[in-house]
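Chemist: Take a look at the following structure, please.
The values are calculated or read from the model by the stated rules, or taken from the named source; none is laboratory data. Computed from a predicted model, the values in this text were never measured in an experiment. All Cβ positions, even for glycine, are placed from backbone atoms using ideal geometry, and neighbour counts span all protein chains on display. We work out accessible area using only protein heavy atoms, side chains counted, and drop any ligands, DNA or RNA first. Shrake-Rupley method; radii C 1.70, N 1.55, O 1.52, S 1.80 Å.
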Amino acid sequence: MKIQVERTLHRANTQVQDPPTVYWRVEGSLLNLSAVRQIAFFTWNAQSIAERWARRGGLAAIALIRLFLYFADRAFATRVIHALLRGVSNDRLDLLGEEYFDYVLRPQLKPAGLDRLKAMLATGKQVILVSQALDHVMRPLAGFVGAEGIVANRLEFRDGLATGRLLEPIIRPRAGLALLLQRSADGQVSPVELQRELGSSLNSGGLQAATLSSRREVAGTGHPVVLFKPGPKLEEFSVREILKGRHILLIGATGFIGKVWLVKLLTDLPEIGRVYLLIRPGKTASAQERFEKMVEESPVFDHLHERYGSDFWRFLRDRIEVVPGDVTRDDLGLDPFTAGRLHGVVDLVVNSSGLTDFNPDLRQALSSNVEATIHLVDFLKTSSRAALLHLSTCFVVGSRDGQVREELIPDYTPISLPGFDVERERLALNDLIRETEIRSESEEVTTLLRKELAARSSGSAHATGATVESHLRKYRTRWVRNEMMEVGMRRAKALGWPNTYTFTKSLAESLIARWAADLPVAVVRPSIVETSTGEPFAGWNEGVNTSAPLSYLLGTRFRQLPSNKRKCLDLIPVDLVSRGMTLIAASLIERSHERVYHLATSACNPCDMRRSIELTCLAHRKFYRTQVDRESQLLAKLDTIPVSKARYQRLSAPKQRAVLRALQRVSAPIPFARQPLARRERSLDRVEKLIELYEPFILHNQHVFEARHVQLLALALPQDERSIFGYDPLNIDWWDYWINVHIPALRIWSYPLIEGRPLESRSRHSLRQVVQSEVGAAAGRPGGAGE
């Protein structure tokens with residue numbers, strides 16, 4: 001009796017902990033599904049047009065014999081038809097599955113069956129949907145109705161591409177008699193009956209092993225860090241404790257990364273000491289006014305405003321001091337009193353400033369990226385205890401393949417040029433700048449500019465001497481700027497760097513290696529910094545950054561991108577960079593830092609160019625499917641594909657431009673034909689220049705950036721700080737990031753700028769309004785609530 005009671009209690013506890021499971025057959029009760037229709041949808045929406053027609057041809061051939069296969073062996077017939085999906089990516093099937101459910105199946109759901117299923121779910125039972133459809137289609141349905149899991153057909157994938165082979169168990173189509181008789185709204189099927197139907201295809205784990213989660217499975221592309229060499233053990237350290245009461249000088253707070261990191265400090269480290277913001281005064285606005293304008297206009301401060309409400313500006317004043325200065329000048333452009341004060345109190349200098357244009361004027365690049373670094377090192381030498389976190393880029397490695405280690409190499413060049421000396425190179429570049437500026441005043445250049453001016457102003461007669469001289473000065477300024485851009489790019493490529501940006505950033509690192517060898521400095525190298533995943537909110541981006549122009553191009557009618565599909569496009573969300581910077585800042589103050597830190601994903605969670613291009617196009621497709629105009633519907637059906645450089649030149653923009661030039665020559669006598677052709681040629685010219693600029697990142701040099709140092713710091717965090725300051729690129733789901741976060745964010749923050757449109761207006765958290773409110777309250781007028 002005692003044993004029976006214990007067994008009864010055990011069963012009762014099991015029932016409480018695990019609700020009973022109900023298997024629900026989709027076909028008949030909720031939908032009239034056909035395996036052929038979903039396969040037809042997938043094949044007709046393959047990546048390339050040629051691929052679509054080839055798969056459709058295969059589907060037509062199988063349709064002729066499918067009836068015979070069906071009567072011979074339903075499981076075999078199911079395998080054969082799914083073989084047509086060989087080579088289709090998991091990413092594409094996931095998006096097309098959502099699309100097929102939203103636009104095709106959802107309107108066809110049977111109300112009676114749906115009501116019965118919802119009533120079943122309301123009883124607290126765990127419902128598992130069973131269907132012959134692919135899991136890519138069933139997951140959106142399960143999410144819509146609230147089912148816990150699915151039993152559906154699954155394809156095998158290798159490197160993210162379908163092999164065309166179905167995994168066990170095979171969910172066969174229902175037999176002919178069942179199609180006629182089993183049309184009840186009640187789709188319940190007993191486990192015994194389901195096991196009998198699945199038969200030998202069910203593996204030893206039974207139905208439980210065959211049940212899949214209703215949530216989309218993330219492909220396991222991540223690689224955890226494995227330590228082969230024993231290093232010094234890093235003791236557990238608390239970011240909160242280390243940074244508590246510390247004073248930080250932040251340079252570049254108005255930039256994309258600096259702004260996000262500032263908000264991270266204010267949000268998660270309110271007990272930090274003082275944050276000094278070095279901001280260069282503008283022509284018409286002071287440093288303080290620039291800061292106030294940034295806070296008023298930038299949405300990154302929204303959640304802080306919501307948290308502190310009327311105390312928002314008081315909170316900022318208590319923790320932030322804006323100091324006017326200029327990092328490109330001696331002593332950071334600070335007045336003597338402020339410089340002396342900061343020398344004594346600052347614990348950490350964070351330099352997130354710099355010029356990030358790929359092909360800038362060499363004068364600006366040297367000033368912002370090289371000379372500024374020298375001034376920072378000098379400031380550090382005169383400080384009592386300050387350390388330096390210097391933001392660089394992973395791509396200082398230049399034209400090199402393979403694994404890139406976290407090390408600082410003095411006098412580095414990608415081509416390993418013997419005898420290269422960074423200081424000698426810096427002085428030579430400054431001499432070259434002076435020579436070019438002097439040459440711009442020469443008679444030879446002046447004559448050239450006057451001829452160009454005369455040719456352009458031939459239609460406007462009687463120009464005054466003053467007007468001519470004014471135009472000549474503008475032409476001379478432009479000539480010098482163009483020369484500086486060409487000189488910088490030419491020198492960078494000669495030494496093995498792809499552009500002036502990476503060239504000057506690397507020179508700055510070599511200067512740090514030489515002049516700050518005995519100082520507490522950490523060089524932090526992010527890869528391509530992109531849209532945030534959650535901080536300050538999911539989907540924050542700013543300006544026309546690295547990938548925005550290229551991803552915009554992939555959303556147009558552009559069809560062939562020259563790229564190495566196996567090359568990794570190393571992107572990292574800006575909030576992950578912010579977390580990494582926080583960890584490195586704490587290690588610098590503790591003096592437990594490494595010399596170099598990579599903030600990158602290529603070593604632990606890679607996303608290659610094939611996948612990057614397809615995910616970008618899928619994200620565009622998802623947006624265009626929601627639009628009703630014909631152009632959007634057309635663009636939804638066009639996908640860019642990765643091609644070789646030779647094919648690009650033979651069939652894409654360069655060839656199209658050559659054809660247009662020929663047409664222009666032929667149509668020269670026709671006035672109305674010239675302007676459209678010229679406009680189209682200019683558009684293709686811009687495309688060619690854009691592709692040329694991005695080729696080093698999408699076609700050449702397969703980099704794998706080792707990022708061990710920052711991950712070890714994250715492992716040393718106490719458990720209660722890991723959710724706030726932890727750094728783990730393995731958690732990035734590239735499918736969700738690209739389709740639901742990154743590209744939608746670019747549509748809001750970047751694409752309008754590319755198209756010459758203003759961003760959407762938003763409310764401002766104006767300090768002036770707060771001050772006026774405070775004055776009103778002090779005067780006794782109603783409605784004044786302070787800051």
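Listed here are the residues, each with its yes/no results for (1) touching a His at 6+ places or on another chain (Cβ under 6 Å); (2) crowded, with 16+ Cβ neighbours inside 10 Å; (3) farther than 30 Å from L388 by Cβ.
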{"site": "R450", "(1), (2), (3)": "no, no, yes"}
{"site": "E509", "(1), (2), (3)": "no, yes, no"}
{"site": "R514", "(1), (2), (3)": "no, no, no"}
{"site": "P526", "(1), (2), (3)": "no, yes, no"}
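Chemist: Now, a different point. Take the conditions of a type in the set (A, V, I, L, M) and surrounded by fewer than 16 Cβ atoms within 10 Å (Cβ to Cβ) and apply them to A707. Does it pass?
Modeler: Working: of a type in the set (A, V, I, L, M): yes; surrounded by fewer than 16 Cβ atoms within 10 Å (Cβ to Cβ): no.
Spelling it out, it is not the case that A707 is of a type in the set (A, V, I, L, M) and surrounded by fewer than 16 Cβ atoms within 10 Å (Cβ to Cβ).
Chemist: Another question, then. Taking interchain pairs and intrachain pairs at least six residues apart, which have beta carbon atoms under 7 angstrom, with the first residue in segment 236-265 and on the phi > 0 side of the Ramachandran plot and the second of a type in the set (S, T, Y) and not in a helix (DSSP H, G or I)?
Modeler: G252/S352; G252/S353
Chemist: Within segment 629-664, track down each residue that is of a type in the set (S, T, N, Q), modelled with pLDDT of 90 or more and closer than 22 Å to S563 by Cβ.
Modeler: The answer is T640, S644.
Chemist: Can you list the helices (runs of 4 or more DSSP H) found entirely within segment 25-105 that contain at least 2 residues being modelled with pLDDT under 95 and of a type in the set (K, R)?
Modeler: 49-72, 74-82
Chemist: Within segment 332-339, can one find any residue that is among the acidic types (D, E), open to solvent by 40 Å² or more (accessible area, probe 1.4 Å), over 17 Å from A516 (Cα atoms) and in contact (Cβ under 8 Å) with a residue 40 or more places away in the chain?
Modeler: no
Chemist: Here is a list: Y501, Y552. Which entry is in contact with a helix residue (DSSP H, G or I) (Cβ under 6 Å, 6 or more places away or on another chain), part of a helix (DSSP H, G or I) and aromatic (F, W, Y)?
Modeler: Values: Y501 fails: in contact with a helix residue (DSSP H, G or I) (Cβ under 6 Å, 6 or more places away or on another chain).
Of the residues listed, the single one that is in contact with a helix residue (DSSP H, G or I) (Cβ under 6 Å, 6 or more places away or on another chain), part of a helix (DSSP H, G or I) and aromatic (F, W, Y) is Y552.
Chemist: If a residue has to be farther than 19 Å from E509 by Cα and modelled with pLDDT of 95 or more to count, how many in segment 360-378 make the cut?
Modeler: Number satisfying all stated conditions: 0.
Chemist: I need the full set of residues from segment 387-427 which are of a type in the set (A, V, I, L, M) and open to solvent by 40 Å² or more (accessible area, probe 1.4 Å), in order please.
Modeler: I409, I415, L417, L427
Chemist: Tell me, yes or no, whether segment 463-476 has at least one residue that is crowded, with 21+ Cβ neighbours inside 10 Å and not acidic (D, E).
Modeler: no
Chemist: Just checking, does segment 66-79 include any residue being within 18 Å of L93 (Cα to Cα) and either free of Cβ contacts under 8 Å to residues at least 60 places away in the same chain or open to solvent by 60 Å² or more (accessible area, probe 1.4 Å) (or both)? I'd like the intermediate steps shown before the answer.
Modeler: We begin by selecting, within segment 66-79, every residue within 18 Å of L93 (Cα to Cα); these are 78-79.
Checking which are either free of Cβ contacts under 8 Å to residues at least 60 places away in the same chain or open to solvent by 60 Å² or more (accessible area, probe 1.4 Å) (or both) leaves us with 79.
Yes; the residues of segment 66-79 include at least one that is within 18 Å of L93 (Cα to Cα) and either free of Cβ contacts under 8 Å to residues at least 60 places away in the same chain or open to solvent by 60 Å² or more (accessible area, probe 1.4 Å) (or both).
Chemist: Of all residues in segment 349-359 being crowded, with 20+ Cβ neighbours inside 10 Å and in contact with a helix residue (DSSP H, G or I) (Cβ under 6 Å, 6 or more places away or on another chain), which is modelled with the lowest pLDDT?
Modeler: G354
Chemist: Next up: What's the number of the only condition in (1) more than 13 Å from the chain's Cα centre (by Cα); (2) among the hydroxyl-bearing types (S, T, Y); (3) open to solvent by less than 10 Å² (accessible area, probe 1.4 Å) that S532 fails to meet?
Modeler: Failing condition for S532: (1).
Chemist: Answer yes or no as to whether Q649 is within 30 Å of I242 (Cα to Cα) and either assigned to a helix (DSSP H, G or I) or in contact (Cβ under 8 Å) with a residue 24 or more places away in the chain (or both).
Modeler: No; evaluated as a whole, the condition is false for this residue.
Chemist: Which of the residues spanning segment 296-321 are out of contact with any Phe, Trp or Tyr (no Cβ under 6 Å at 6 or more places or on another chain), under 26 Å from A745 (Cα atoms) and open to solvent by 50 Å² or more (accessible area, probe 1.4 Å)?
Modeler: E297, H303, E306, R307
Chemist: Please verify whether E437 is open to solvent by less than 50 Å² (accessible area, probe 1.4 Å) and either at negative phi or not in a helix (DSSP H, G or I) (or both), treating the condition exactly as stated. Let's see the steps before the verdict.
Modeler: On the way: open to solvent by less than 50 Å² (accessible area, probe 1.4 Å): no; either at negative phi or not in a helix (DSSP H, G or I) (or both): yes.
So E437 fails the test.
Chemist: Quick one: in segment 715-753, of everything that is aromatic (F, W, Y) and under 28 Å from L615 (Cα atoms), which residue is surrounded by the fewest Cβ atoms within 10 Å (Cβ to Cβ)?
Modeler: Y751
Chemist: Is it the case that some residue within segment 277-284 is within 21 Å of P536 (Cα to Cα) and not in a loop (DSSP other than H, G, I, E, B)?
Modeler: The answer is yes, given that some residue of segment 277-284 is within 21 Å of P536 (Cα to Cα) and not in a loop (DSSP other than H, G, I, E, B).
Chemist: Of all the residues that make up segment 184-231, how many are open to solvent by 30 Å² or more (accessible area, probe 1.4 Å) and at pLDDT 70 or above?
Modeler: Residues meeting the conditions: 19.
Chemist: Tell me which of these A63 doesn't satisfy, since it passes every other one: (1) of a type in the set (A, V, I, L, M); (2) under 28 Å from I739 (Cα atoms); (3) out of contact with any Phe, Trp or Tyr (no Cβ under 6 Å at 6 or more places or on another chain).
Modeler: Result: A63 fails condition (2) only.
Chemist: Quick check on this structure: which one of S723, S667 is of a type in the set (G, A, S) and either touching a Cys at 6+ places or on another chain (Cβ under 6 Å) or at pLDDT 90 or above (or both)?
Modeler: Checking each option against the conditions leaves just S723.
Chemist: Among all residue pairs at least 6 apart or on different chains, which show Cβ distances below 6 Å where the first residue, located in segment 393-407, is closer than 20 Å to V370 by Cα and the second is part of a loop (DSSP other than H, G, I, E, B) and open to solvent by less than 80 Å² (accessible area, probe 1.4 Å)?
Modeler: C394/S527; C394/A600; G398/P414; G398/G496; G398/W497
Chemist: Take C617 and decide whether it is assigned to a helix (DSSP H, G or I) and of a type outside the set (G, A, S).
Modeler: When the stated conditions are applied, C617 passes them.
Chemist: Please determine, by comparing only the residues of segment 484-498 that are open to solvent by less than 40 Å² (accessible area, probe 1.4 Å) and part of a helix (DSSP H, G or I), which one is nearest to R400 (Cα to Cα). Write out each step before concluding.
Modeler: From segment 484-498, those open to solvent by less than 40 Å² (accessible area, probe 1.4 Å) are 484, 487-489, 492, 495-498; that's our starting set.
Right, trim to part of a helix (DSSP H, G or I) and you get 484, 487-489, 492, 495.
On the way: M484: 26, V487: 22, G488: 20, M489: 17, A492: 14, L495: 12 Å.
Taking the candidates together, the pick is L495.
Yes or no, residue by residue, for (1) within 29 Å of N701 (Cα to Cα); (2) among the acidic types (D, E); (3) at pLDDT below 95:
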position: Y412; (1), (2), (3): yes, no, no
position: S416; (1), (2), (3): yes, no, yes
position: E425; (1), (2), (3): yes, yes, no
position: R439; (1), (2), (3): no, no, yes
position: A454; (1), (2), (3): no, no, yes
position: S460; (1), (2), (3): no, no, yes
position: R473; (1), (2), (3): no, no, yes
position: E483; (1), (2), (3): yes, yes, yes
